[in-house]
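Q: Submitted below is the structure of interest, expressed as structure tokens.
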Amino acid sequence: MPSRYEKRILQVLDQSKDGLTTMGIAEKADISKTTTLKYLASLRAEGKIHYIEVGPAKLWRLNLVKEDDSKYPVSRREGVELMLKKFREAVGLEGSAVVDKEGLTICADLPWNVNPEEMGSLISRLLQIGERSAKMAGMDPLKGVIIEGEKGRVLARSEGNSLVVAFSKPDTPLGVLRLEIEEFSKSINELVGKKQ
């Protein structure tokens, strides 16, 4: 049973559709920062809340599907958001996104300095160029692209009508990341391809 502090924190987050920083939660719930941090960690461990990093701050949000609500269907978008969150956490990514073949971002959980629309358009274009190159080299169909830099990698995987993009640190094991993005892409394509 949640404590009174946990209940306050959950109520405050429920009233904020965009999420709140730790200090924002502490102020709105009228709880000290230390107590807020303690209960945020507890609620996160229980799977009731999560955070995204926005610059140096954490923006806390309620999870889209609560454990006791998991028997109820969620919208396609909520399903994609939930899968994207699980994918990001399972692999330890810096960010991830699902994009359609035209470059429109369906859902994104990206670093604060990455514009989802620009990223979607560029990744779509990059894969189109890659597909042409693969066809010319007799290697089609192209399934993915890996871009490596000093500060990390961007992986893009094409599956059906959707593209999955993953931003990783340079030390993230590439083999694991490739396996995970392949499985995730198939799951996302099944979900996105379903008729409502």
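The values are calculated or read from the model by the stated rules, or taken from the named source; none is laboratory data. Owing to the predicted nature of the structure, the values given are computational and were not obtained by experimental measurement. All Cβ positions, glycine included, derive from the backbone under ideal geometry; neighbour counts span all protein chains shown.
Q: Sort out which residues of the stretch 157-196 are hydrophobic (A, V, I, L, M, F, W, C) and closer than 14 Å to I106 by Cβ, and write them in order of number.
A: Of everything in the stretch 157-196, those that are hydrophobic (A, V, I, L, M, F, W, C) and closer than 14 Å to I106 by Cβ turn out to be L163, V164, V165, F184, I188, L191, V192.
Q: Condition (residue is hydrophobic (A, V, I, L, M, F, W, C), in a helix (DSSP H, G or I) and at pLDDT below 80) applied to the stretch 45-64: is it met by at least one residue?
A: Among the residues of the stretch 45-64, at least one is hydrophobic (A, V, I, L, M, F, W, C), in a helix (DSSP H, G or I) and at pLDDT below 80, which makes the answer yes.
Q: Could you check how many residues of the stretch 43-55 are closer than 13 Å to S3 by Cβ and surrounded by fewer than 17 Cβ atoms within 10 Å (Cβ to Cβ)?
A: Residues flagged as closer than 13 Å to S3 by Cβ and surrounded by fewer than 17 Cβ atoms within 10 Å (Cβ to Cβ) within the stretch 43-55 amount to 1.
Q: Filtering the stretch 177-187 down to residues that are aliphatic (A, V, I, L, M) and in contact with a strand residue (DSSP E or B) (Cβ under 9 Å, 6 or more places away or on another chain), which residue is farthest from D100 (Cα to Cα)?
A: Only one residue tops the list, namely L177.
Q: Still on this structure, I have one more. Filter the stretch 26-62 down to residues that are in contact with a Lys or Arg (Cβ under 9 Å, 6 or more places away or on another chain) and among the aliphatic types (A, V, I, L, M) and give me whichever is farthest from W112 (Cα to Cα).
A: Among those that are in contact with a Lys or Arg (Cβ under 9 Å, 6 or more places away or on another chain) and among the aliphatic types (A, V, I, L, M), it is I31.
Quick grid of which residues meet (1) surrounded by 14 or more Cβ atoms within 10 Å (Cβ to Cβ); (2) outside any helix (DSSP H, G or I):
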position	(1), (2)
K7	no, no
L10	yes, no
L13	yes, no
D18	no, yes
G24	yes, no
E27	yes, no
T34	no, no
L37	yes, no
A41	no, no
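Q: Another question about this same structure. Which of the numbered conditions does M83 fail, given that it passes all the others? Conditions: (1) modelled with pLDDT of 80 or more; (2) out of contact with any helix residue (DSSP H, G or I) (no Cβ under 7 Å at 6 or more places or on another chain); (3) part of a helix (DSSP H, G or I).
A: With respect to (1) modelled with pLDDT of 80 or more; (2) out of contact with any helix residue (DSSP H, G or I) (no Cβ under 7 Å at 6 or more places or on another chain); (3) part of a helix (DSSP H, G or I), M83 is out only on (2).
Q: I'm checking my understanding of the structure. Among residues of the stretch 95-115 that are surrounded by fewer than 16 Cβ atoms within 10 Å (Cβ to Cβ) and among the acidic types (D, E), which one is farthest from the chain's Cα centre (by Cα)?
A: E102
Q: Is the stretch 167-176 home to any residue that is crowded, with 19+ Cβ neighbours inside 10 Å, under 17 Å from D100 (Cα atoms), in contact (Cβ under 8 Å) with a residue 24 or more places away in the chain and touching a Gly at 6+ places or on another chain (Cβ under 9 Å)?
A: No, the conditions are met nowhere in the stretch 167-176.
Q: OK, next. Which residues, taken from the stretch 116-158, are of a type outside the set (A, V, I, L, M, F, W, C), in a loop (DSSP other than H, G, I, E, B) and exposed (fewer than 13 other Cβ atoms within 10 Å of the Cβ)?
A: G138, P141, E150, K151
Q: Moving to a separate point now. Mind listing whichever residues of the stretch 103-115 are assigned to a strand (DSSP E or B) and either among the aliphatic types (A, V, I, L, M) or assigned by TED's automatic domain parsing to the domain that holds K58 (or both)?
A: I106, A108
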